[in-house]
Amino acid sequence: MPVIKIDGTEHEFEDGLALIQACEQVGVEIPRFCYHERLSIAGNCRMCLVEVVGAPKPAASCAMSVNDLRPGPEGQPPEIRTNSEEVKKAREGCMEFLLINHPLDCPICDQGGECDLQDQAMAYGVDTSRYDENKRAVENKNIGPLVKTIMTRCIHCTRCVRYMTEVAGVEELGATGRGEDVEITTYLEKNMTSEMQGNVVDLCPVGALTSKPYAFQARPWELDKTESVDVMDALGSAIRVDSRGREVLRIMPRNNDSVNEEWISDKTRYIWDGLKTQRLDRPYIRRKGTLEPASWDEAFSAIADSITATDPKRIGAIAGDLAGAEEMFALKELMARLGSTNQDCRQDGSALDPRHGRASYLFNSTIAGIDEADAILLVGTNPRLEAPVLNARIRRRYIAGVDHIGLIGMPADLTYNYQHLGAGAQSLADLANGGDFADALRSAERPMMIVGQAALTRKDGAAVLEACASVAQYCGVVRDGWNGFNILHTAAARVAGLDLGFVPGSDGLTAHEMAHGSNLDVLFLLGADEIPIHKGENTYVIYQGSHGDAGAHVADVILPGAAYTEKNATFVNMEGRAQQTRRAIFPPGEAREDWTIIRALSEKLGQTLPYDDINALRGAMYETAPTLAAIDTVEAADPGAIAALAGSGQMSGDPFGVSVTDFYMTNPIARASAVMAELSQMRHGVREAAE
């Protein structure tokens, strides 16, 4: 391990570390614009110059390794200086060149207040400019509805180009021209189509790329910042909700190396305009075929009248994809007190069941475990649409040299090469009998299988799950010290619902059976909007949710709930990591947090739930599902559940379908968003033009 003297103090570092990383490890801050730890080295901006003692000129610390330095003439450790007059003068010169063409747009720039160029100009800039010529001007590019371009501000750091190519996996940005005429643009000036393009806004160190929907909305110092968790997919990305007053104005990523690193999908980032449209802000009761405003007491009385006159066996509840663990637990307790076992959190009809063991429905290798996999089998999934940030991890593993990636299901552009092994269950069954890819899995040290919901939501989903477990056993996906059997969920609420046992009892009805109204007299929909309800003549539908979506359209009573940015709730991501959202703003109008609505309703029904605050509720919930108490922790599940699940049930020969047909329209908040609607229309237009 090399020993280097930094600013007069000797330190020991790992091999291969860049000088800029070595300096950061010892607490020395090095300015930079083009360098980013998750992107390749460019060495464009030269702001990270340091003095290497004995070298003829300053060196770019981002492009030089600790192993590149030679010892002194008498064998003394190499020495670098980061605060000498030579370094100061070099950085001031680089800053002066960067500001030659940069416009004085700070008062009207959305990057103002959180701009790297502003911050570093304060430290390394000078008060006058020696440049008398006119500044260059660059035409702005229209690259889509998400990213606003003011390319005159661009300093050619190429972070955006490297990100789109290396992380997003879509080569949609590049540089044209040479010298002074260099411009960053999309090829043929088309819109960007990546599901993760919004991250270039965070990467841009100046105001050249900013958020188009957020343009001129607020300054960063005006915003209240609340750390929370994303619910647009089951990844559980760490986010920060920025709000002003009672309005969410933007959503930003937080760094969590175990989950999303520092990336989020465009749906996560730009969904915020859907939080304030089509909202349910007061109770409604259907009278003579029309939904009319009502008071809470009137709504509860109408529900009580319908439930008390109904046989408990004809009462059911379906939990939606955005429901928090607290409200699902409260609803489960209420259903038990009413004497009903008709409850289900799997509105897509998934064959997953907690009775098979927790390992049968988790992403057991953990999300970070993808970085260790050396052979990956995808079954019935398109991770690019179901979990774009997870797909970026798979792509990174592919770039690093993973030997084999195979797909059974509908072929799609996943941003990396893979071997298409077949379209349906027969191809899956063939793997259990051997073959080249099966041999590749068996010989790999860390084989991984990722099973998507398209394979599990079919009528033969249970048999497909058994076949996946059989393949996992045969190919050694589950072995000592490694469990590579993974379920890729698409619903943020699914794992918590399974942990809580929010599934039908021994004689209970499934979600699809309850959706046919002739089977029930009273149906409670807890934000369940993704399942078509065939309402019977005598079926009384109660909908509790935040938006006037599909569930509200068929409801007889509507109870206005809170969105994920408006409540303190627990969500468990696909790997079993319990995380909590925090309330950033209050719900609109008379809307309330969901568990409090169920608690108040239970009192009206004469079945009062025994908790008056969220701490008491969580205490009871943790007794039922202890894993929910381990916040931000992944507890390994017993892999024996997978061996017990293995079987060879009768499977259909039909090909696996797709679980996400429109990435931008997967939940009520997304369908209420004008930005998501524009993106969806643009995506379908591109697809139709291609066909």
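Measuring from the lowest to the highest alpha carbon on each principal axis, how far does segment 420-544 reach, largest first, in angstroms?
Principal-axis extents of the Cα atoms in segment 420-544, largest first: 58, 29, 26 Å.
Could you tell me, in Å, what Rg and Dmax come out for the Cα atoms of segment 353-473?
13.4, 38
Multiply the residue separation of Gln650 and Gln681 by 0.36 nm, subtract the distance between their alpha-carbon atoms, and state the gained length in nm to one decimal.
7.2 nm
From the residues Ile408, Gly357, Ala299, which one has its Cα farthest along the dipole of segment 292-430 in the positive direction, the dipole being from +1 and -1 charges on Cβ of Lys/Arg and Asp/Glu about the Cα centre?
After comparing all options, I get Ile408.
Using only the Cα atoms of segment 185-238, construct the convex hull and provide its projected area averaged over every direction, in square nanometres to one decimal.
5.4 nm²
From Cα pairs below 8 angstrom and at least 6 apart in sequence, can you work out the relative contact order of segment 355-446, rounded to a whole percent?
Value for segment 355-446: 29 percent.
Determine the dipole magnitude for the chain: charges of +1 sit on the beta-carbon of Lys and Arg, -1 on that of Asp and Glu, nothing else is charged, the reference point is the Cα centre, and the result goes in debye to the nearest 20.
Approximately 920 debye in magnitude.
Can you work out the PRE-style zone for Glu24? Point 7 Å along Cα to Cβ, and I want the residues of segment 58-97 with backbone N under 16 Å.
The answer is 61-66, whose backbone nitrogens lie closer than 16 Å to the label point.
Mind jotting down the three principal axis lengths of segment 249-376 based on Cα atoms? Whole angstrom, largest first.
So the extents along the principal axes, rounded to whole Å, are 60, 42, 22.
Taking segment 279-325 on its own, what percent of its Cα-Cα pair distances exceed 12 Å?
Considering segment 279-325, 73 percent of its Cα-Cα pairs are separated by more than 12 Å.
Equivalent ellipsoid semi-axes for segment 37-80, as square roots of 5 times the alpha carbon gyration tensor eigenvalues: give them largest first, rounded to whole Å.
Equivalent-ellipsoid dimensions as semi-axes: 23, 12, 6 Å.
Using the scaling law 2.2 N^0.38 Å as the reference, what is the normalised Cα Rg of segment 336-386?
1.62
Return the calculated 222 nm mean residue ellipticity for the chain, to the nearest 500 deg cm²/dmol, obtained by summing -39500 (n - 2.57) across DSSP H runs with n ≥ 4 and dividing by the residue count.
The helix contribution divided over the chain gives -7500 deg cm²/dmol.
What translational diffusion coefficient, to the nearest whole µm²/s, does segment 13-131 have by Stokes-Einstein, given a Kirkwood radius computed over alpha-carbon pairs, a temperature of 25 °C and 0.890 mPa s viscosity?
Once the numbers are plugged in, D ends up at 157 µm²/s.
At a threshold of 8 angstrom on Cα-Cα distance, excluding pairs fewer than six apart, so keeping six or more, what relative contact order does segment 370-515 reach in percent?
Across segment 370-515, relative contact order equals 25 percent.
So what's the projected area for segment 287-353, the Cα convex hull averaged over all directions, in nm²?
That works out to 6.3 nm².
When N counts the residues of segment 596-691, how does its alpha-carbon radius of gyration compare numerically with 2.2 N^0.38 Å, as a ratio?
Rg over 2.2 N^0.38 Å, computed on Cα atoms: 1.82.
Counting Lys and Arg as +1 and Asp and Glu as -1, each charge on the Cβ, what is the dipole of segment 161-219 about the Cα centre in debye, to the nearest 20?
Once rounded to the nearest 20, the dipole reads 240 debye.
Equivalent-ellipsoid semi-axes (√(5λ), Cα gyration tensor) for the chain, whole Å, largest first?
Equivalent ellipsoid semi-axes, largest first: 49, 31, 23 Å.
From the cross-link list Lys225/Lys267; Lys141/Lys276; Lys190/Lys212, which pairs have alpha carbons spaced over 21 Å apart?
Cα-Cα > 21 Å for Lys141/Lys276; rest within.
Cβ neighbours within 10 Å, averaged per peptide: list 73-81, 266-274, 244-252 in order, most packed at the top.
Taking the mean over residues of other Cβ atoms within 10 Å, the ranking is 266-274, 244-252, 73-81.
Strictly greater than 25 Å: what percent of every Cα pair in segment 145-249 meets that?
Counting pairs separated by more than 25 Å, the tail of P(r) holds 29 percent.
May I ask you to list the lysines whose Cα is less than 21 Å away from that of Lys604, ignoring any residue fewer than eight positions away on the same chain?
Candidates past the 8-residue exclusion: Lys313, Lys332.
Evaluate the relative contact order of segment 1-133 (contact order divided by residue number), counting alpha-carbon pairs under 8 angstrom at least 6 apart; express in whole percent.
That works out to 24 percent.
For segment 192-299, with equal point scatterers placed on the C-alpha atoms only and solvent neglected, what are the log10 I(q)/I(0) values from the Debye formula at q = 0.21 1/Å, to two decimals?
After summing over all Cα pairs, the log10 values are -1.15.
Under 12 Å from the 7 Å Cα→Cβ point of Glu372, by amide nitrogen: which residues of segment 465-481?
Counting backbone N atoms under 12 Å from the label point, the list is 479-481.
Over the alpha-carbon set of segment 580-635, work out the extent along each principal axis and list the three values in angstrom, largest first.
38, 30, 12
Please give the peptides 223-234, 598-609 ranked by average Cβ packing (other Cβ atoms within 10 Å per residue), highest first, as a rough proxy for protection.
The most tightly packed comes first, giving 223-234, 598-609.
What figure, in Å² to the nearest 10, do you get for the accessible area of Val477 with a 1.4 Å probe and non-protein molecules left out?
Probe radius 1.4 Å; accessible area of Val477 about 0 Å².
Working with all protein chains in place, sort His102, His11, His489 by solvent-accessible area computed with a 1.4 Å probe, largest first.
If we order His102, His11, His489 from most to least accessible, we get His11, His102, His489.
The values are calculated or read from the model by the stated rules, or taken from the named source; none is laboratory data. Keep in mind the model is a prediction, meaning the values are calculated, not measured. Note that each Cβ is placed from the backbone with ideal geometry, even for glycine, and that neighbours are counted across all protein chains shown. Side chains included, ligands, DNA and RNA excluded: accessible areas come from the protein's heavy atoms. Shrake-Rupley method; radii C 1.70, N 1.55, O 1.52, S 1.80 Å.
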